[in-house]
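Some notes on the structure that comes next.
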Amino acid sequence: MTKSADVIVIGAGIIGAACAWRLAQAGLRVTILERNAPGSQASQAALGVLTFHADPEKPACFQDLFLQNAKIYPDLIEELAEATGERVSFHQDGQLHIALHEKELPEIENNFKVNSDLGVNVEQVTPQECLLIESGIAPHNCGGLFFPEDAWVDNTALTLGIIQAAEQAGAVFERANVDAIESQNGLATGVRWGTERRSAGWIILAAGCWSGQIQNTPPLPVVPVRGQALSVAGRAARRVIMSLNGYLVPKGEAQTMVGATVEHVGFDNSNTLEGLREVSTSGIEISPRIGSFEYLGAWAGLRPATPDQLPMIGPFAEMPKLVAATGHFRNGILLAPITAQMIRSVVTGEPSSVDPSPFLPDRIPSKVRGKHNPSN
């Protein structure tokens with residue numbers, strides 16, 4: 001095979017596109033192979049919530065990624081505007097977490113303590129203060145937390161902007177449904193689909209929940225998790241509102257998005273009546289008035305999840321030069337910038353601001369990974 005690129009990226013969602021952009025900026029020849037239209041899968045189905053605070057249920061290494069993004073995202077938006085001439089809609093209006101039942105208050109207290117100890121800007125608010133922040137929420141709320149620095153981004157525009165910036169930096173996008181990784185003497189050397197073959201010095205596996213379906217990779221336990229969401233006409237809130245069972249996301253001045261289910265149903269990305277009932281019920285619980293809003297439509301996406309709910313970022317010990325950038329579950333939009341920085345550090349040897357070891361794909365024993373990867 002003639003070497004076709006320095007780097008081949010498999011997958012042109014926001015993760016793959018961001019990696020391609022940063023690698024092309026480093027002067028590398030980058031080819032991105034995507035079986036669908038770039039940015040058309042989970043990246044488009046997301047709701048664009050940017051959580052710049054710690055999740056108490058996640059380990060410290062993951063919390064650090066969340067907190068680093070608070071510094072990265074505003075600069076990213078400016079960089080994209082300069083590169084493409086278009087400004088992506090980005091609103092740093094904060095995020096309100098509300099408790100709808102008293103039994104949820106201990107979780108609110110723990111969330112407040114964890115984030116306060118980390119120096120995150122967070123305010124504990126009473127039920128009355130919640131209503132002052134967002135008058136349209138349930139009047140029977142039990143209080144909550146307000147994170148003033150959290151944000152929302154138009155994830156579709158963001159993904160398309162990153163794709164455009166990557167192309168302008170020299171990355172080449174091609175339509176291809178990659179079947180397998182090519183290797184020689186234990187090193188990844190290229191990819192193949194049908195009768196086509198391409199070679200490269202590095203292969204970045206960023207195919208979302210399909211990453212584990214590509215043949216000849218080391219075992220990779222990335223599975224699809226369906227998320228259904230819907231939208232209604234009308235603005236129920238000025239910022240993102242979270243509850244234990246769902247969330248509301250304002251989009252523009254006249255639309256509200258409501259999300260989202262977490263369903264292990266394989267590669268089925270259809271909407272179901274049961275799923276939409278779950279989403280609408282949780283949305284109405286947060287803001288009763290949206291029950292009278294006009295229904296606009298629904299969609300579903302397949303999010304890539306791993307057994308420990310941490311993304312897989314970094315090279316495989318079993319096959320050097322093959323690098324994972326997948327398994328981000330519900331945090332692909334949020335973590336795309338920091339993931340791209342980490343992948344660039346792997347390929348170029350530049351120092352990384354993040355310790356990659358907790359996210360390496362080999363952290364899960366091979367025999368366990370194999371159980372989740374029937375294609376290998």
Residue hits (segment 16-44; open to solvent by less than 20 Å² (accessible area, probe 1.4 Å) and in a helix (DSSP H, G or I)) are Gly16, Ala17, Ala18, Cys19, Ala20, Trp21, Leu23, Ala24, Ser43
For segment 335-347, state whether one or more residues are hydroxyl-bearing (Ser, Thr, Tyr), closer than 28 Å to Phe90 by Cβ and surrounded by fewer than 22 Cβ atoms within 10 Å (Cβ to Cβ). yes
Would you point out the residue of segment 208-219, among those that are on the phi < 0 side of the Ramachandran plot and within 18 Å of the chain's Cα centre (by Cα), that is surrounded by the fewest Cβ atoms within 10 Å (Cβ to Cβ)? Trp210
What are the residues in segment 222-275 that are hydrophobic (A, V, I, L, M, F, W, C), touching a helix residue (DSSP H, G or I) at 6+ places or on another chain (Cβ under 8 Å) and open to solvent by less than 60 Å² (accessible area, probe 1.4 Å), if any? Val222, Val223, Val225, Ala229, Leu230, Val232, Ala236, Ile241, Leu248, Val258, Ala260
How about segment 80-96: which of its residues are in contact (Cβ under 8 Å) with a residue 24 or more places away in the chain and either in contact with a Cys (Cβ under 8 Å, 6 or more places away or on another chain) or more than 20 Å from Phe62 (Cα to Cα) (or both)? Leu80, Ala83, Thr84, Glu86, Val88, Ser89, Phe90, His91, Gln92, Asp93, Gly94, Leu96
Could you please tell me which pairs satisfy a Cβ distance under 7 Å, a separation of 6+ or placement on different chains, a first residue in segment 125-137 that is within 15 Å of Gln95 (Cβ to Cβ) and among the acidic types (Asp, Glu), and a second residue that is outside any loop (DSSP other than H, G, I, E, B) and open to solvent by less than 80 Å² (accessible area, probe 1.4 Å)? Glu134/Leu96; Glu134/Ile241
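Out of curiosity, is Phe173 under 25 Å from Ala206 (Cβ atoms) and aromatic (Phe, Trp, Tyr)? I'd like the intermediate steps shown before the answer.
Working: under 25 Å from Ala206 (Cβ atoms): yes; aromatic (Phe, Trp, Tyr): yes.
Yes, satisfied.
Which residue is farthest from the chain's Cα centre (by Cα), if the candidates are limited to segment 55-71 and must be of a type in the set (D, E, K, R) and in a helix (DSSP H, G or I)? Let's see the steps before the verdict.
First, the residues of segment 55-71 that are of a type in the set (D, E, K, R): 55, 57-58, 64, 71.
Add one more test, that the residue is in a helix (DSSP H, G or I), and what stays is 64, 71.
Values: Asp64: 16, Lys71: 17 Å.
Top of the filtered list is Lys71.
The values are calculated or read from the model by the stated rules, or taken from the named source; none is laboratory data. Remember, predicted model here, so these are calculated numbers, not experimental data. Every residue, glycine as well, gets a Cβ built from its backbone with ideal geometry; the counts of neighbours run over all protein chains shown. Ligands, DNA and RNA are stripped out before the accessible areas are found, and what is left, the full protein with its side chains, is counted by its heavy atoms. Shrake-Rupley method; radii C 1.70, N 1.55, O 1.52, S 1.80 Å.
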